[in-house]
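Below is one structure, written out as structure tokens, with a few remarks after it.
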Amino acid sequence: MDLDNLAPPRRRSGGKSRRWRRAAAVTLPVALVGTFAAVAAPQAFAAEYCGGVEYKVVSTWGGGFQANVILTAGDAGLNGWDIEWDFPSGTSVTSAWNVDWNVSGGHFTGGDVGWNGAIAAGQTREVFGFIGSGSATEPTGFTVNGESCDGSEEPVEAALEASRTNVVVDAGSTASIDVGFSSAIDAATTVTTTRTSGSTDLSVSTGASRSFPAGESADQSVVFSAAADAEPGASAVFAVAAPGYDTVNVTVTVADLGEVTQNEERFLAMYDQLTGADSPYLHETGVPYHSVEELIVEAPDYGHETTSEALSYLMWLEAAYGQVTGDWTGYNNSWQITEDYAIPDLNPTNYNPADPASYAPESDSVQDYPTQLDFDVPVGQDPLGAELRSTYGTNQVYGMHWILDVDNAYGFGECGDGTTEPAYMNTFQRGSQESTWETIAHPSCETFDFGGDNGFLDLFVGDEQYSQQERYTDAPDADARAVQVAWMAQQWAAEQGQESVIADSLDNASKMGDFLRYSFADKYFKKIEGDCIGASSCPVGTGKDSFHYLISWYYSWGAGMNGDWSFRIGGSGVHQGYQNVMAAYALSEGGLEPESATGASDWAQSLDAQLDFLEWLQVPAGSPGAGALAGGATNNWGGNYGTPTSSAEHNGLYYDEQPVWHDPPSNRWFGFQAWGMDRTAQLCMVTDDARACDILDAWVDWALSESTITADGYSIPGDLTWSGEPGDGLSVSVATMSEDPGVAGAFAKILSYHAAATGDTASQTAAANLLDSLWEANDGIGVTQPEQRADYCRFGDEVYIPEGWTGTMPNGDVLENGVTFIETRSFMTEFDGWDQVQAYIDGGCTGPAPEFNYHRYWHQVEVATAFQTYAVLFE
């Protein structure tokens with residue numbers, strides 16, 4: 001299961017933003033954490049509508065700022081609101097979210113967008129945010145629904161502030177913050193900054209006590225210093241305090257930065273946008289959302305789901321931060337978050353590797369579901385179950401489930417409780433033809449509390465009797481990325497003498513790689529051979545003759561809640577974009593070898609098999625698109641061991657232009673080219689493997705020939721059109737161009753690795769230009785480009801449910817034959833941007849498609865780590 005790029009309106013933004021400048025004596029100027037002005041209704045005024053306005057300046061930079069607006073309803077409450085104010089001269093709004101707005105001559109007017117219009121009497125709600133240009137000075141003349149919010153009888157409340165709450169300082173150097181108040185204070189006061197916990201190698205060198213006279217709000221500096229022999233990663237907490245004000249805690253961490261380079265500064269700026277308590281990318285648990293925006297449909301069907309992919313990117317972001325700063329706390333925490341929320345703790349007592357699963361055929365049409373379990377079809381032996389049980393002493397599968405409902409918008413909760421968030425869920429279950437738009441969301445823990453009489457089970461598989469159960473699916477490319485990142489973290493931490501600090505996290509990655517071998521296996525552990533046609537006649541595997549040793553699209557596991565049965569299956573569909581030769585290198589000889597007896601040797605065989613596979617799939621020299629990588633292969637045609645329509649065979653696998661996913665075709669998206677080649681490029685640079693380097697050289701020549709890249713902008717391939725097959729006219733053409741920032745970030749990394757491996761100046765120049773262009777695309781929340789979504793016409797697509805089957809979603813949405821995608825997800829009509837989609841649908845999906853600027857988490861991390869990669873290699 002993967003996040004094919006289909007490409008938002010912004011829901012809210014609390015992310016920090018800033019522009020960076022190089023510091024001389026002071027190390028690392030870090031972002032403003034947030035200032036705010038509270039504009040309250042006077043006490044003598046009977047506030048019918050406006051109980052108060054908070055105009056919260058979240059961050060500022062040269063020429064601009066980000067602000068959020070928080071409303072408190074008056075005595076009558078608000079059932080829809082209109083707010084107005086007057087900006088200082090020269091100030092305006094460049095973009096906004098969750099508000100219908102206009103600025104004329106400095107006068108701002110804004111109204112609710114429906115879902116955020118209702119506020120009960122006396123209640124407070126953050127209602128919208130915006131990016132402004134000009135001065136961040138608070139406006140005047142606030143009104144809500146025509147009622148003044150200004151007044152002199154209640155003073156404006158000032159808040160004590162620090163310009164940042166997380167500070168990184170090099171050993172033997174200093175770093176500063178600004179402290180002050182959000183508005184003028186009534187009486188003189190003193191602000192003190194004192195260490196309350198942590199390393200004594202960190203101290204306040206200047207400004208431990210700062211005096212502010214009455215009427216003052218201007219900032220004053222506080223300077224922290226680190227001892228010359230302070231250990232990287234050491235930290236201390238300092239309390240910034242003043243009588244009568246809430247204390248602000250500042251964490252200071254020792255880094256090993258030396259001179260901060262341009263692209264390290266860019267990385268740290270984006271790291272600050274992506275992390276912290278007010279980051280719009282994170283749930284309160286620290287789990288990253290798929291996107292800041294909720295109204296987005298691609299592989300996740302709304303933006304505040306998340307995927308194992310996003311968690312692997314969280315690891316990458318934090319590993320890169322450890323390399324830049326020497327602070328590995330975040331990397332270790334990323335593994336803790338993963339264990340807490342993405343690795344199911346299912347540990348069935350009854351799992352029999354000799355009888356791992358029961359066969360159920362897949363179909364090319366969702367209307368053929370439920371397909372029937374067939375207990376007469378033989379399945380092979382699981383060659384890993386006993387070894388993994390012996391090694392780790394448990395039947396728990398140590399892999400990430402691929403998707404979570406982070407905000408629990410569906411309302412499944414955990415195992416029927418309806419409330420827990422994040423919550424395990426699933427969507428895709430009905431063969432290669434099933435697009436996101438045709439899926440039925442359902443809980444991973446099936447207790448029959450929602451859906452129909454058998455929950456959702458009888459929509460997918462036919463059985464004589466259904467039991468309550470848990471079912472999970474792993475996206476192996478995400479687990480492999482976690483291993484790849486762990487190898488990088490190991491190298492960087494070792495260079496700093498800190499490998500022991502992340503030892504437990506490295507052990508987790510090694511263990512995850514041990515279980516990732518399930519992706520090597522045929523779905524039902526049948527033999528990998530060219531004549532595996534016919535479910536009943538295809539020979540079953542014994543030992544590891546069911547392994548293709550490639551990284552497949554998924555593997556799955558589960559168990560009955562009564563404990564009397566459990567299952568595991570492998571994956572037969574193999575996509576080029578999922579292969580990760582760096583993970584195979586790390587797990588076979590790179591220092592992350594698994595504890596099991598055969599784990600390292602299996603991964604050594606996989607490394608060789610993956611390179612063979614990529615060579616077979618690469619468009620040959622002299623053909624259109626030479627260097628590009630074709631889709632993949634399978635030994636289980638159609639998911640039912642059918643007769644292949646391809647004649648191209650590779651080690652018992654038949655060529656498949658679009659493995660597993662047909663709507664949209666799984667190898668149409670150029671992003672899969674970039675994801676896969678990133679790992680091949682890194683292997684070439686690290687090991688100088690001739691096969692990897694040859695594959696990389698040909699791919700880079702093709703990709704650059706199809707791209708336009710300057711420091712002022714870029715255009716790279718978007719969709720691809722394939723023809724032929726390996727050995728018989730294989731070729732590709734570029735159908736559309738794209739400015740996808742996430743893919744561009746991955747492309748920049750590939751070019752950086754290629755330049756470092758070969759000395760190719762053209763690749764290095766292209767990488768540098770891509771990074772410059774991406775930096776200019778940061779809107780204060782993250783890197784984004786406008787996207788038109790003509791596919792949003794499909795909100796009205798039917799979600800097939802068999803005639804006679806009825807059930808309900810937790811919110812009461814009815815499930816029956818003929819329902820549409822949006823009818824099974826009515827909560828999405830409350831998301832910001834739905835009005836654009838509704839208007840597009842009402843207009844017959846003619847005219848311009850809705851346009852959004854999305855902030856996908858993986859996009860941001862790809863770009864941020866591209867800055868860090870370039871800095872590591874060249875700066």
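When Thr307, Thr394 are screened for being polar (S, T, N, Q) and in contact with a strand residue (DSSP E or B) (Cβ under 6 Å, 6 or more places away or on another chain), only Thr307 passes. Here is the figure for the range 275-323: residues that are part of a helix (DSSP H, G or I) and out of contact with any Asp or Glu (no Cβ under 8 Å at 6 or more places or on another chain) total 11.
Per-residue answers, yes or no, for (1) at pLDDT 95 or above; (2) of a type in the set (Val, Ile, Thr); (3) crowded, with 24+ Cβ neighbours inside 10 Å; (4) under 22 Å from Ala475 (Cα atoms):
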position: Val581; (1), (2), (3), (4): yes, yes, yes, yes
position: Leu587; (1), (2), (3), (4): yes, no, yes, yes
position: Ala600; (1), (2), (3), (4): yes, no, no, yes
position: Ala604; (1), (2), (3), (4): yes, no, no, yes
position: Asp608; (1), (2), (3), (4): yes, no, no, yes
position: Ala621; (1), (2), (3), (4): yes, no, no, no
position: Gly631; (1), (2), (3), (4): yes, no, yes, yes
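Residue count for the range 106-118 satisfying the condition of being over 20 Å from Trp85 (Cα atoms) and of a type in the set (A, V, I, L, M): 1. Only one of the listed residues (Gly233, Gly172) is small (Gly, Ala, Ser), surrounded by 18 or more Cβ atoms within 10 Å (Cβ to Cβ) and in a loop (DSSP other than H, G, I, E, B). That residue is Gly233.
Screening Gln381 with (1) closer than 30 Å to Trp637 by Cα; (2) touching a helix residue (DSSP H, G or I) at 6+ places or on another chain (Cβ under 7 Å); (3) assigned to a loop (DSSP other than H, G, I, E, B); (4) not aliphatic (A, V, I, L, M) gives one miss only, at (2). Count of the range 642-698 residues, restricted to those that are closer than 24 Å to Val366 by Cβ, in contact with a Gly (Cβ under 6 Å, 6 or more places away or on another chain) and crowded, with 24+ Cβ neighbours inside 10 Å, is 5.
Checked against the criterion of being more than 19 Å from the chain's Cα centre (by Cα), closer than 18 Å to Gln618 by Cβ and part of a helix (DSSP H, G or I), the range 743-750 contains one or more residues that satisfy it. Scanning the range 336-351 for residues that are within 21 Å of Arg568 (Cβ to Cβ) and not polar (S, T, N, Q) gives Glu339, Ala342, Ile343, Pro344, Asp345, Leu346, Pro348, Tyr351.
The listed residues are Val574, Val540, and the only one of them that is touching a Leu at 6+ places or on another chain (Cβ under 8 Å) and modelled with pLDDT of 95 or more turns out to be Val574. For Ser505, the test of being buried (at least 22 other Cβ atoms within 10 Å of the Cβ) and under 16 Å from Ala360 (Cα atoms) is failed. Among the residues of the range 397-446, those identified as not in a loop (DSSP other than H, G, I, E, B) and not aliphatic (A, V, I, L, M) are His401, Asp405, Tyr424, Asn426, Thr436, Trp437, Glu438, His442, Pro443, Cys445, Glu446. Which members of the range 138-167 meet the condition of being among the aliphatic types (A, V, I, L, M), modelled with pLDDT of 85 or more and surrounded by fewer than 20 Cβ atoms within 10 Å (Cβ to Cβ)? Correct list: Ala159 only.
Look at Phe130 and say whether it is within 23 Å of Ser279 (Cα to Cα) and aromatic (Phe, Trp, Tyr). Yes. Asn249: outside any loop (DSSP other than H, G, I, E, B) and either modelled with pLDDT of 95 or more or within 25 Å of Ser312 (Cβ to Cβ) (or both), yes or no? It is false that Asn249 is outside any loop (DSSP other than H, G, I, E, B) and either modelled with pLDDT of 95 or more or within 25 Å of Ser312 (Cβ to Cβ) (or both).
Scanning the range 185-202 for residues that are surrounded by 15 or more Cβ atoms within 10 Å (Cβ to Cβ), part of a loop (DSSP other than H, G, I, E, B) and of a type in the set (Gly, Ala, Ser) yields a single hit, Ser199. Considering the range 560-665, the qualifying strands (runs of 3 or more DSSP E), each wholly inside and each with 3 or more residues that are under 25 Å from Trp699 (Cα atoms), run over 573-575, 632-634, 653-656.
With respect to Pro786, determine if the residue is more than 26 Å from Thr427 (Cβ to Cβ) and surrounded by fewer than 18 Cβ atoms within 10 Å (Cβ to Cβ). Spelling it out, Pro786 is indeed more than 26 Å from Thr427 (Cβ to Cβ) and surrounded by fewer than 18 Cβ atoms within 10 Å (Cβ to Cβ). Being within 26 Å of the chain's Cα centre (by Cα), hydrophobic (A, V, I, L, M, F, W, C), in the same structural domain as Ala386 (by TED's automatic domain parsing) and at negative phi is a property that holds for Trp675. Checking each residue in the range 361-374 for being among the aliphatic types (A, V, I, L, M) and within 32 Å of the chain's Cα centre (by Cα) picks out only Val366. Residues that are surrounded by fewer than 20 Cβ atoms within 10 Å (Cβ to Cβ), in contact with a strand residue (DSSP E or B) (Cβ under 7 Å, 6 or more places away or on another chain) and either assigned to a loop (DSSP other than H, G, I, E, B) or acidic (Asp, Glu) (or both) within the range 536-559 comprise just one, Pro539. For the range 443-498, enumerate the residues that are of a type in the set (Gly, Ala, Ser), buried (at least 23 other Cβ atoms within 10 Å of the Cβ) and more than 22 Å from the chain's Cα centre (by Cα). Those that are of a type in the set (Gly, Ala, Ser), buried (at least 23 other Cβ atoms within 10 Å of the Cβ) and more than 22 Å from the chain's Cα centre (by Cα): Gly451, Ala493.
For the range 388-419, the set of residues classified as over 20 Å from Pro280 (Cα atoms) and β-branched (Val, Ile, Thr) consists of Thr391, Thr394, Val397, Thr419, listed by residue number.
The values are calculated or read from the model by the stated rules, or taken from the named source; none is laboratory data. These figures come from a predicted structure and were not determined experimentally. Note that we place each Cβ from the backbone using ideal geometry, even for glycine, and neighbour counts take in every protein chain shown.
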